Amino acid sequence: MTAPPSLPAPTVAGLARGLARGEYSSVELTQACLARIAAGQPALNAFVTVTGEAALAAAAAADAARASGRAGALTGVPIAHKDIFCTEGVKTTCGSKMLADFVSPYDATVVKGLKAAGTVMLGKLNMDEFAMGSSNETSFFGPVRNPWDPTKVPGGSSGGSAAAVAARLAPAATATDTGGSIRQPAALCGITGIKPTYGRVSRYGMIAFASSLDQAGLITVSAEDAALLLGPMSGFDPRDSTSVESAVPDYTATLGDSLEGLTIGLVREFFDKGLDGDCGQRVREAIAVYEELGAKVREVSCPNLPLSVPTYYVVAPAECSSNLARFDGVRFGHRCDSPRNLADLYCRSRGEGFGAEVKRRIMTGTYVLSAGYFDAYYLKAQRVRQLISADFARAFGECDLLLGPTAPTTAFGIGEKNDDPITMYLNDIYTIGANLAGLPAMSIPCGFAGGLPVGLQLIGPHFSEARMLNAAHRYQQETDWHLRVPSAWA
Ligand code: GLN
């Protein structure tokens, strides 16, 4: 395959500067992205829907806005949305047969915010079905492939977002993270991912998986790009009662601040025997960079953190079994042919519309919520969730940010873990804690092991996005791992 022409700058920040200086138009930039998407789709399967015509129309409108002096920082920058966000008049499938033909009548708040900021939507990105997965193999639309090695998974559930940004088909993408689905694919694809604090970004119009854990965020090349895009998608939304009423800072304002005096806690439980040796080594090398930047590093312990995977796999399926009850073949979504009666309509519509992993979660969730087992599983899991939150709160009494690996290994082979859901679930062992505690967290590239990218995870106290983004940005000023592009896509 010959790589299509590369984009005129590697980052959103660079592209925004080029647009502002008139070096190219948004239409030209959008055409370049569409050409890369067309070249990338057969190999990567990152997109479910490409909205080429609408993108070019939006780009022309952005160019016109700029010509008349009405351009903002992001006017005309092309991005793509995970197919979990409702987009008016455009298919929103959530990676499922259940919603394969669903056209949303409205935009999610995230989509609306980024549109209002002038970004141009290129299309909708492939994902694990209903965001359940760590490898993007559960999508009804087929697996996504890792641009660094197409025999490997890109991670999940935001695998389409990660693959598209890693191969530079789109300069940036939205994504969601319920247990690691932004950070883990960002790590496996060698790019930057941020999951904001629970409540920072509205969940309105984002198809629900596990409502107390779901949070929208971004997959970008750099932390600076994440800082530019996070503002317009954040803030209080009366349509989401869990969105928080507090002012959104300018996340770019503190980029470049010194890390002198910052205390970074290394979470002892993250450096366990499950961590691949080379991945651990890359993380230790990153720690040395932080020390050179003036940060103080100390070890901290979150003793209940090893319980995060079993806790999550009670809480998340419980919430999913309730959220997915609405897909019953009556109001929207897949409906079976000629149902004999109401029960048959429910059973066959759901049986045909959902894939195996989603069914596994619904059954687990229904079980843990059932009368005889509620106390033993669901209530117990909620208690452990509190203990994990308390561990983090204690750790943040001693340090400003926590640091560790994002995932235990680099990208694994497509099909390699399909027969063993527990091994698959263990991929999120380092990411799930932040979701259970509602904390903001990021993954940034910190090197390679066996030719595949390794991710470094940062976790901050609630609403410390600005501090975390700056810590990531300072590291990225000293290193260039985030700018590496797989050779086939350079
Ligand atoms: N891999 C985890 C799961 O399958 C997390 C998914 C997510 O964050 N959406 O539940």
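All of the numbers you see were taken from the coordinates with simple rules; none came from a lab. What you see is a predicted model, and the numbers here were worked out from it, not measured in a lab. Counting neighbours? That spans all protein chains shown, and the Cβs are built from the backbone with ideal geometry, glycine included.
Just a few scattered comments:
Condition check ((1) touching a residue at least 12 places away in the same chain (Cβ under 8 Å); (2) within 16 Å of the ligand (Cβ to nearest atom); (3) surrounded by 24 or more Cβ atoms within 10 Å (Cβ to Cβ)) across all residues:
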| residue | (1), (2), (3) |
| --- | --- |
| Leu122 | yes, no, yes |
| Phe130 | yes, yes, yes |
| Pro143 | yes, yes, no |
| Trp148 | yes, no, yes |
| Pro154 | yes, yes, yes |
| Gly160 | yes, yes, yes |
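- Hits in the stretch 19-32 - residues which are assigned to a helix (DSSP H, G or I) and either surrounded by fewer than 16 Cβ atoms within 10 Å (Cβ to Cβ) or without any contact (Cβ under 8 Å) to a residue 60 or more places away in the chain (or both): Leu19, Ala20, Val27, Glu28, Leu29, Gln31, Ala32
- Residue match in the stretch 333-351 (condition: aromatic (Phe, Trp, Tyr) and closer than 30 Å to Ser301 by Cα): no
- Any hit, the stretch 256-263, residues being in contact with a strand residue (DSSP E or B) (Cβ under 7 Å, 6 or more places away or on another chain) and surrounded by fewer than 20 Cβ atoms within 10 Å (Cβ to Cβ): yes
- Selection within the stretch 66-98: residues that are out of contact with any strand residue (DSSP E or B) (no Cβ under 8 Å at 6 or more places or on another chain) and not in a loop (DSSP other than H, G, I, E, B). The member of this set that is farthest from Gly40 (Cα to Cα) is Ala67.
- Criterion: surrounded by 15 or more Cβ atoms within 10 Å (Cβ to Cβ) and farther than 23 Å from Trp481 by Cα - qualifying residue of Leu305, Leu275: Leu305
- Residue within the stretch 33-53 that is of a type outside the set (Phe, Trp, Tyr), in a loop (DSSP other than H, G, I, E, B), closer than 25 Å to Asp237 by Cβ and touching a strand residue (DSSP E or B) at 6+ places or on another chain (Cβ under 9 Å) present: yes
- Within the stretch 226-238, tally of residues that are outside any helix (DSSP H, G or I) and either touching a helix residue (DSSP H, G or I) at 6+ places or on another chain (Cβ under 8 Å) or within 13 Å of the ligand (Cβ to nearest atom) (or both): 3
- As a summary of the residue check, Ser25 satisfies the conditions (1) polar (S, T, N, Q); (2) out of contact with any strand residue (DSSP E or B) (no Cβ under 7 Å at 6 or more places or on another chain); (3) within 26 Å of Gly193 (Cβ to Cβ) except for the one numbered (3).
- Selection from the stretch 286-309 of residues that are away from the ligand (no atom under 13 Å from the Cβ), within 25 Å of the chain's Cα centre (by Cα) and in a helix (DSSP H, G or I): Ala286, Ile287, Tyr290, Leu305, Pro306, Leu307
- Residue ranges of strands (runs of 3 or more DSSP E) in the stretch 168-225 with at least 2 members among the aliphatic types (A, V, I, L, M) and free of Cβ contacts under 8 Å to residues at least 24 places away in the same chain: none
- Counting only helices (runs of 4 or more DSSP H) that sit completely within the stretch 346-442, those holding 3 or more residues that are surrounded by fewer than 17 Cβ atoms within 10 Å (Cβ to Cβ) and free of Cβ contacts under 8 Å to residues at least 60 places away in the same chain correspond to 356-369, 380-398.
- Residues that are within 26 Å of Thr30 (Cα to Cα), crowded, with 24+ Cβ neighbours inside 10 Å and more than 16 Å from the ligand (Cβ to nearest atom), drawn from the stretch 169-208: Leu169, Ala170, Pro171, Ala172, Gly190, Ile191, Thr192
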